[in-house]
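Participant: Let me give you the structure first, and then I'll get to my questions.
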Amino acid sequence: MKYSDLETKSKHFINGKISQYMDAYIRQNKVWTPEQMYSDFFEFINGEINKSSYTKHSQNGIIWSSELSMNWLLTSEGNSTVMDRFQKKYLKDKPVANRKSPLVERVRFGIYWKNLYDINFGLKDGYNFIETKELKNLKVVPWTIEHVNKELLDKYTCTLKESIEKVSTSFLEKTFSEYWFKHYYSDHSNSALIPEVCGMRSKFYYYNYNNHNYTTRAEIPVKGLIDKIKPINFRFDFLVINFNKQKMVFIELDGFEFHKTRDQQTLDSIKRNKASSLGIPLLTFTSKRISDDIQSVFSELDSFLK
């Protein structure tokens, strides 16, 4: 069946389906091509058809189903129509679609009950994506010292240096950050060193029961009041996001005395699993290496920092 032969309701459904998918896709993938969107769209449509996930409603005793419209999208005319829409959208939004991904839209750092900071790129009100036309006007390079300083000064009237000094309290963290201040902080085009990272779009959690640590509630060997066991926010020592090289890394500083207990080893494992699920490498540096040869530590990190 040709598009011209479809009833008005079916045409509206098709146009709405394509538009809704484009809007959602662009929010989640600020870097994209028509071909990528086309491939993902038809994977989505085939999945909906295989599950028979059709829109149905009754009007004046007549039952309408989106099945015909969904199947029309799989025709050659449907394929061509979809690709044409995606290509026109790409040309319109090319300045945004062509730019590198900001990698993450939000980073939360600090300690939950005090000195907690939210820094964003491409979000307003902390949750909603800004309009495409607004994104085009953002000139600052995401996650550089310049960007993070601007966010912190606008929202919290403090600099990155001041916030690091507030939240990084251990000897290792102070030693590590002081070296970074001395060798990297003067060039604000360098990637920011973000301390005590406790979340991105959502916070990082684990659970503790009877002095043992667990990744999820389901792992806790107890029945009954399990839902009343509150999650605990955990933090990575530092995060670096290099927008220009499209690279990220979590950094953990390992003081042996603190990390040798079984429960701390479990928490370290939870952190590794979280980093892996986010697709972010996790580098661990021992206190001995930081004390004996901190220069080699930063030489290893240079590809992330510069």
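The values are calculated or read from the model by the stated rules, or taken from the named source; none is laboratory data. If you're wondering where the values come from, they're calculated on a predicted model, not measured in any experiment. A quick note on method: Cβ atoms are made from the backbone with ideal geometry, for glycine too, and the neighbour counts reach across all protein chains shown.
Participant: Hey, any hits in the stretch 87-103 for a residue that's modelled with pLDDT of 90 or more and either outside any loop (DSSP other than H, G, I, E, B) or assigned by TED's automatic domain parsing to the domain that holds Tyr185 (or both)?
Facilitator: Yes, the stretch 87-103 contains at least one residue that is modelled with pLDDT of 90 or more and either outside any loop (DSSP other than H, G, I, E, B) or assigned by TED's automatic domain parsing to the domain that holds Tyr185 (or both).
Participant: Does Lys274 qualify as being in contact (Cβ under 8 Å) with a residue 24 or more places away in the chain and farther than 20 Å from Ser177 by Cβ?
Facilitator: Values: in contact (Cβ under 8 Å) with a residue 24 or more places away in the chain: yes; farther than 20 Å from Ser177 by Cβ: yes.
Here the answer is yes, as Lys274 does meet what is asked.
One line per residue, one yes/no per condition, for (1) aliphatic (A, V, I, L, M); (2) out of contact with any Cys (no Cβ under 9 Å at 6 or more places or on another chain); (3) within 13 Å of Leu74 (Cα to Cα):
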residue	(1), (2), (3)
His12	no, yes, no
Tyr21	no, yes, no
Tyr25	no, yes, no
Glu35	no, yes, no
Ser39	no, yes, yes
Phe42	no, yes, yes
Asn46	no, yes, yes
Ile49	yes, yes, yes
Ser52	no, yes, no
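Conditions (1) charged (D, E, K, R); (2) assigned to a loop (DSSP other than H, G, I, E, B); (3) within 21 Å of Asp293 (Cβ to Cβ), marked per residue:
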| residue | (1), (2), (3) |
| --- | --- |
| Thr175 | no, no, yes |
| Tyr179 | no, no, yes |
| Lys182 | yes, no, yes |
| Asp187 | yes, yes, no |
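Participant: Follow-up question, since we're still on this one. Among residues belonging to the stretch 250-283 that are surrounded by 14 or more Cβ atoms within 10 Å (Cβ to Cβ) and over 24 Å from Ser202 (Cβ atoms), point out the one that is modelled with the highest pLDDT.
Facilitator: My answer is Leu253.
Participant: Could you pull out the residue among Ser170, Ser163, Ser191 that is closer than 14 Å to Tyr117 by Cα, hydroxyl-bearing (Ser, Thr, Tyr) and in the same structural domain as Ile111 (by TED's automatic domain parsing)? First the steps, then the outcome.
Facilitator: Values: Ser170 fails: closer than 14 Å to Tyr117 by Cα; Ser191 fails: closer than 14 Å to Tyr117 by Cα.
Selected residue: Ser163, the only one of Ser170, Ser163, Ser191 that is closer than 14 Å to Tyr117 by Cα, hydroxyl-bearing (Ser, Thr, Tyr) and in the same structural domain as Ile111 (by TED's automatic domain parsing).
Participant: Can you say whether Val197 is under 23 Å from Tyr117 (Cβ atoms), touching a helix residue (DSSP H, G or I) at 6+ places or on another chain (Cβ under 7 Å) and not basic (Lys, Arg), as far as the supplied structure shows? Full working, then the answer.
Facilitator: Working: under 23 Å from Tyr117 (Cβ atoms): yes; touching a helix residue (DSSP H, G or I) at 6+ places or on another chain (Cβ under 7 Å): no; not basic (Lys, Arg): yes.
Answer is no for this residue.
Participant: Are any residues in the stretch 191-211 under 14 Å from Ser277 (Cα atoms) and crowded, with 18+ Cβ neighbours inside 10 Å, and if so, which ones?
Facilitator: Once the filter is applied, which keeps residues that are under 14 Å from Ser277 (Cα atoms) and crowded, with 18+ Cβ neighbours inside 10 Å, the stretch 191-211 yields Gly199, Phe204.
Participant: Return the residue satisfying two criteria in turn: it lies in the stretch 1-43 and is at pLDDT below 90 and aromatic (Phe, Trp, Tyr), and of such residues it is surrounded by the most Cβ atoms within 10 Å (Cβ to Cβ).
Facilitator: Here the residue is Trp32.
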